[in-house]
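Where a number appears in this text, it was derived from the coordinates with a stated rule and is not lab data. Treat the numbers as computed from the prediction; the structure is a model and nothing was measured. As a convention, Cβ positions derive from the backbone with ideal geometry for all residues, glycine included, and neighbour counts pool all protein chains shown.
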Amino acid sequence: MASAYHNCIAWVEQHMLSCPSKKLMHLDCPGCGLQRSTVALLKGDLQTSWHFYPPTLFIIATVVFLLLHLVFKFRYGAAAVKYLYIVATIVILMNYIYKIFTNQLI
């Protein structure tokens with residue numbers, strides 16, 4: 001079972017999508033690093049995942065809570081999803097602004 005899991009991760013690593021923004025304009029987009037971060041997270045490497053793309057954890061938390069809300073119909077779930085989405089968006093923007101000011105876009 002573990003071998004199949006590792007084979008699946010290896011397959012995903014070999015078939016990652018390229019970023020059109022980086023390919024055409026040679027600049028990172030606000031989502032650059034999400035795939036590598038997710039793969040690192042699947043490998044259990046939280047530190048590397050955070051280094052590649054900090055918003056990954058916030059995006060995953062939002063999606064997981066959304067799915068749980070759709071199944072269990074939490075009383076204030078819609079509002080919570082809205083706030084989680086806003087927090088994830090703010091973290092994405094802060095990460096991109098940080099990349100701009102530290103010259104990490106290229």
- Query: What list of ³J(HN,Hα) couplings, whole Hz, do you get for the range 13-29 from phi and the Karplus terms 6.51, -1.76, 1.60, once you set θ to phi - 60° and write x for glycine and proline?
  - Reply: 4, 7, 10, 6, 6, 8, 7, x, 5, 5, 5, 8, 10, 6, 10, 5, 8
- Mean-position separation - Cα centroids, the range 64-106 and the range 21-54, in angstrom: 16
- Listed residues Ala40, Ala78, Ala61, most fluctuating in the chain (Gaussian network, C-alpha, under 10 Å): Ala78
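Across all directions of projection, what mean area in square nanometres is found for the Cα convex hull of the chain?
Numbers: hull surface 33.2 nm².
The Cα convex hull of the chain, projected and averaged over all directions, gives 8.3 nm².
Counting Lys and Arg as +1 and Asp and Glu as -1, what is the net charge of the other residues whose Cβ lies under 15 Å from the Cβ of Gly44? Display every interim value, and only then the final one.
Values: positive: Arg36, Lys43; negative: Glu13, Asp45.
My count for the surroundings of Gly44 gives 0.
In what order do Asp45, Asp28 fall by count of nearby beta-carbon atoms within 10 Å, going from fewest to most? It would help to have the intermediate numbers written out before the result.
Values: Asp45 14, Asp28 17.
Listed from fewest to most nearby Cβ atoms, that is Asp45, Asp28.
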- Task: Report the relative contact order of the chain, percent, no decimals, based on alpha-carbon pairs under 8 angstrom and at least 6 residues apart.
- Result: 24
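How do Cys29, Cys19 rank when sorted from fewest to most other Cβ atoms within 10 Å of their own Cβ?
Values: Cys29 14, Cys19 17.
Fewest-to-most ranking of Cys29, Cys19: Cys29, Cys19.
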- Query: Given the options Lys23, Lys43, Lys82, which has the most mean-square fluctuation in a GNM of the chain, springs set between C-alpha atoms less than 10 angstrom apart?
  - Reply: Lys23
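Test of understanding: what is the full-extension gain from Asp45 to Trp11, defined as 0.36 nm times their sequence separation minus their Cα-Cα distance?
Numbers: separation 34, 0.36 × 34 = 12.24 nm, distance 1.78 nm.
So the chain would gain 10.5 nm between Asp45 and Trp11.
If we count other beta carbons within 10 Å of each Cβ, what is the order of Trp50, Trp11, fewest first? Walk me through the numbers before you get to the answer.
Values: Trp50 15, Trp11 9.
Sorted ascending by nearby Cβ count, the order is Trp11, Trp50.
Which translational diffusion coefficient, to the nearest whole µm²/s, is obtained for the range 51-106 from the Stokes-Einstein equation, given a Kirkwood hydrodynamic radius over C-alpha pairs, 4 °C and 1.567 mPa s?
Answer, rounded: 105 µm²/s.
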